[in-house]
Every structure is written in C-alpha cells, then in structure tokens.
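Q: Here it is, the structure, as structure tokens.
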Amino acid sequence: MSEENGTSDTCTPTHEQNPYGRSIVFLGRERSPAFVTESTRLPARLTPGQVLVKVELATICGSDLHTLNGTRTTSQPCVLGHEGSGLVIASAREGLREGQRVTWGVCASCNKCLHCSIGLENKCKTLQKCGHTVVSAAPLFGTYSTHVLCPPGTPVVPLPPALTPTLAAPINCALATMVNALSKVPPSPPLGQPGASVALVQGAGMLGLYASTLLKEAGFSKVFCVDVNRVRLTRVVDFGAIPVHPDQEEEVIPAGSVDVVFEVCGNKEVVSQGVRVLREGGTYVLVGLVCPSDAHLPVTALVLKCLTVVGVHNYTAKHLHQAVTFMERHHDRYPFASLVGLVYPLSDFRCAVEAARSGQFFRVGVNPQQ
Ligand SMILES: [Zn+2]
Ligand SMILES: [Zn+2]
C-alpha cells in the first residue's frame, strides 16, 4: 500500500519541449479504420499516485490480436497495448523518481474493495486495465503510445539495468501471469520421492515457454510442453522443457503421471488430456481459456482423482515484483531476448500487427519513440 500513496506535492513533468503524446486508439472493429493515431496533451501536473512513463518498447500480446480480430471485446475508444517498459519522466508517487526505468502492472486497483482486500487486486471492483480502458476514464493507459500515464493503484516496478527492453517488455503480462499460476501450485514432495516434480505445459507460446522455465527453476525434474505447432516445439528445449506433439502425447506421458498441468493454449480440447495425465491429488491451473467457450470439464474424473482446478487471470503487484526478480536472476540461462522478433516504429503499427498475426514470432515489438 505504501508505494501507492502519492506524495503530498503534485509534480511538474519535465517534458515541456514536447507536451504531446502519440497513441494508437482502437475505435472498434465495426469502424473503418479500426484504429487511428491520435495526439494527446500530456498532463502539465500529475495528481498524487500518478506516474508518467515514456515507453521504450511495447510488445504485441495475443490478447490484442483477439481484440483486433473480434474474439475479445474491450471498451472503446481505448489505447491498445499492455506489455511494455519505459522511463519515468514524472512521478507523483513516493519511491519512484524521474529517470528510473520501470515496468507497470496491467491492473490499476483501488486497494480498498472486497476483492482487493482478499488479494485479488486483479479483480478490483473498480478495476482499470492498461490497454482496455476507455480514454475518457484513463487517457494514455495503453502501451502502443509514446507515453503511459499510470493511474494511482497501478503497481510500478523499477527495472534492473540488465533487463534490456526486449527482456523487460513482456514481463508485465506473460511472465507475471505465469508467476501467479506458479503460486497456485502446492509444495511438491522433494526430488526423488514418488509422485514428485513432473509438470505438463499445454501450449508452447510465450506463456508456455515462461511457464517451462518457472517450473524448472522451481525444482520440477521433468517439464513436458505440448503443442500442435512443430516449429514452436523446436524452441521448447531451450527453455528447459521436453517437447511433445499431441500425436505422441498418450505414448510419452502415461495417465496419472503428472503432478501439475498448466493450460496456456486457450484450446478447450486439451482439458481432457490434462485431466488424464494428472495423478490423484494433482493440480490443474487454467490460464489460457479466456475467450468465451463451452469447455467441458470431466467432473467425475475431477472428483474421483481428488484434483484441484484453479483459474488464473492476470496477477497482482506481488507477482509483478517476483517476475522482475525472476528475469533478473535467470535471463542468462534461457534465450528470453530471442522471443521478441521484429520491432516496428509506432508509425508502422499496421505492419507490426500483420507480422504478429503471421505467427512467425513469439512477440513483435513496437517502438513508440519512432
Ligand atoms: Zn497480454
Ligand atoms: Zn479494489
């Protein structure tokens, strides 16, 4: 809570040379064009708790593609984008100062309501989300923008120098979400004991690769990662996991042999496989099934195997801090930097979206300062 308290004085930003920010504003799929570039005057003074950041790099998350494709709804008009990092150029928050490189949470929470009080700040009753909030409520709260104005209640976390923009930008969605997923995993018996330390990750996208490294570093002796995309599967080994194509899944992973399953692919068809491989008392963490779907849960198997099923959506400040620490500690052990493919200037946002849609890259970057 203390870092969310604003300083008593408001703060004057040092951006008088160029008092305008440029942002990609989503108008809705039914509009043509669906998004436009707009200029917004930067605030002359910040109110307590606000932090103004100059964005150094944004990355295009799959959920933004869902918005642009119409498979996810969002408030309009809004500045899109939620993954990113940048430089503080003005702060009205204690503990944060101009010149610090930071990342910030996707959720701005009140820290007072029932959900906030039980540790679900990501489900705050007055939640504002970066990249999802109508501009009249939170202007400049999206990362496809030269600037992000973090509202009070947004976790803002300083970045260590080792975390370059390509390492840092995806932390505040994909990695922090998987840190939250890992927090749902109960302590497993020590290595070498029966039933310990085997995990399955369903999906070899950005979430799946981060999940693999988190599970390995948490002590899992074996992490399987399954995906239909054979090209993606070739990258899995570099991130500590054993690649498995669905064609071989039943042969390679026996029923009842896995302690923990993470679903991060968003495909409801994988649920029955997840339940099959879990041992009695195992844990199934569902993360990717965010688009409307009538996924069938095999409830009898859940009961008879005494399984725990947990849903995870976004994360809280604590998970974002842990994600930054994890990346600082392990960025030399895994090729995280290679996950961001091409980087486009903000003026080429349309091309950046096309590149992201091609599926050739785990992430495509947008440099808002170009
Ligand atoms: Zn995301
Ligand atoms: Zn709240």
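Q: Along the charge dipole of segment 269-361, pointing to its positive end and built from +1/-1 on Cβ of Lys, Arg, Asp and Glu, which listed residue (Pro335, Ala295, Thr325) has its Cα farthest out?
A: The one lying farthest along the dipole's positive direction is Thr325.
Q: Roughly how many Å is it from the Cα centre of segment 273-320 to that of segment 41-90, as a whole number?
A: Segment 273-320 and segment 41-90 have Cα centres separated by 30 Å.
Q: Taking Cα pairs under 8 Å and at least six residues apart, what relative contact order does segment 185-311 come out at, in percent? Don't skip to the answer; put the middle values down first.
A: Details: 256 pairs, mean separation 28.1, N = 127.
Worked out over segment 185-311, it gives 22 percent.
Q: Given an 8 Å cut-off on Cα distances and at least 6 residues of separation, report the relative contact order of the chain as a percent.
A: In percent, rounded to a whole number, it is 16.
Q: Report the label-to-label distance for Val36 and Val299 in nanometres (one decimal), using points 7 Å from each Cα along the Cα→Cβ vector.
A: For Val36 paired with Val299, the spin-label model returns 5.0 nm.
Q: Let me ask something else about it. How many lysine pairs does the chain hold where the Cα atoms are under 22 Å apart and the two sit 8 or more places apart or on different chains?
A: Taking the Cα cut-off of 22 Å, the pair count is 17.
Q: Same structure, new question: Counting other Cβ atoms within 10 Å, which chymotrypsin sites (Phe, Trp or Tyr not before Pro) in segment 250-331 have at most 12 and lie in a DSSP loop?
A: Those that pass, being in a loop and sparsely packed, number zero.
Q: Would you calculate, for the chain, the mean residue ellipticity at 222 nm contributed by helices, counting each DSSP H stretch of 4 or more residues as -39,500 (n - 2.57) and dividing by all residues, to the nearest 500?
A: After summing the helix terms and dividing by the residues of the chain, the value is -6000 deg cm²/dmol.
Q: If you don't mind, another one. Write down, largest first, the equivalent ellipsoid semi-axes of the chain in whole Å, where each equals the square root of 5 times an eigenvalue of the alpha-carbon gyration tensor. All intermediate terms of the calculation are to be shown ahead of the outcome.
A: Working: eigenvalues 260, 94, 74 Å².
Ellipsoid half-lengths, sorted descending, are 36, 22, 19 Å.
Q: To continue, here is another question. Using the alpha-carbon centroid of each, what span in Å lies between segment 140-172 and segment 337-368?
A: 17 Å
A short reminder: the numbers here are calculations on the coordinates, not readings from a lab. None of the values given here were measured: they were computed from a predicted structure. Positions of Cβ are backbone-derived with ideal geometry, glycine not excepted, and every protein chain shown enters the neighbour counts.
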